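The values are calculated or read from the model by the stated rules, or taken from the named source; none is laboratory data. All figures in this text were calculated on a predicted structure; none of them were measured in a lab. Backbone-built Cβ (ideal geometry, glycine too); neighbour counts: all protein chains shown. When the accessible area is computed, the model is the full protein with side chains, heavy atoms only, and any ligands, DNA or RNA have been set aside. Shrake-Rupley method; radii C 1.70, N 1.55, O 1.52, S 1.80 Å.
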Amino acid sequence: MSSSFLDRPFLEASAANGFAGNNFDRQSEHRAEHAVEIALGSPDARIHLFCEDRALVKISPEPQAAFSVNEAEAIGFDPATLILLGFLGAEPRLAAMAIPQAEWPEPLRAIDLRSLAVQGLLSAEDLGGLAQARSLLAWHQNHRFCARCGSETEMRAGGVKRHCPSCEREHFPRTDPVVIMLVIDPAQNHDACLLGRQHRFQPGMYSALAGFLEPGETIEAAVRREIAEEAGIRTGRVRYHSSQPWPFVSSLMIGCHAEAASNEITRDESELEDCRWFTRDEVHRMLTGTHPDGLTAPPEMAIAHRLIADWADWAEGK
Ligand SMILES: [Zn+2]
């Protein structure tokens, strides 16, 4: 038996997914009411700034997206939107909406989070911080009024919740679970997987099927329902693989491998432009950009890439 669960050279599968590097000590349960003001008083405080759904990044000399209070004030932000994400050691990390500008002065750029993750410009930690910031800032923007009584609500404790002064209800940010699954066919010797194309995908790209978990469902039930709805295939065993925060705007992707119990495809034409079985060889070519028809898999930062790549390696006995 190994000496400990934690001291092995063991990498959690989720750690390889983009936006998964957020290790902030959030202290959500132990915050002062004026947590933001206290944090701003620290010389180590750093602030992520957003312009709509894009993060502001100082592109040179080194790409960085965490600004000192002075830098953030020079750029300009709305103090009413300031939230405290948590702490990196003694360093408070905050986020706010920037004052929009028609053009950002050099070397600032407003870059969407998907591009930042694909390009690998920032550390995994900063990317994870930006993901939390984007989801939380959007939640506050969209929850200014009480869902119970309609009164205007107030941000509390640096943004971990909102309070309704009229009916006293407290509102907490939510995360929307999405299942994403790679279906593998045992009737084809586990040597074929099911991939589909949504109409909005870039040309030639195929990915794992995905869909929102519905109230009252287990992860496994949602996987089976989505596969049946989108591809008309019955599903047997389902195995959890890893998860990925997905800040578009506040989802958690729950990745699974699933075993097909039938393999004749009936595609949902409104959801999918195409859906078919791919052999392991073909998938290897898609992952390495050598497919003869130019077909591709999602980029490395995406959980779909990991689901596909791990199956391709596992099928080879790696
Ligand atoms: Zn209320």
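Looking only at the stretch 164-191, residues that are within 16 Å of the ligand (Cβ to nearest atom) and crowded, with 16+ Cβ neighbours inside 10 Å come to 2 in all. The set of residues in the stretch 129-154 that are over 23 Å from the mean Cα position of the chain (by Cα) and more than 10 Å from the ligand (Cβ to nearest atom) comprises 144, 154. Within the stretch 198-207, the only residue that satisfies the criterion of being crowded, with 19+ Cβ neighbours inside 10 Å and either part of a strand (DSSP E or B) or within 16 Å of the ligand (Cβ to nearest atom) (or both) is 207. For residue 157, the conditions (1) away from the ligand (no atom under 16 Å from the Cβ); (2) under 21 Å from the mean Cα position of the chain (by Cα) all hold with the exception of (2). For the stretch 95-124, a residue qualifies if it is without any contact (Cβ under 8 Å) to a residue 60 or more places away in the chain and among the aliphatic types (A, V, I, L, M), and the qualifying residues are 95, 96, 97, 98, 99, 102, 108, 110, 111.
Among the residues of the stretch 29-58, count how many are open to solvent by less than 60 Å² (accessible area, probe 1.4 Å) and in a loop (DSSP other than H, G, I, E, B). Summing the residues that are open to solvent by less than 60 Å² (accessible area, probe 1.4 Å) and in a loop (DSSP other than H, G, I, E, B) in the stretch 29-58 gives 4.
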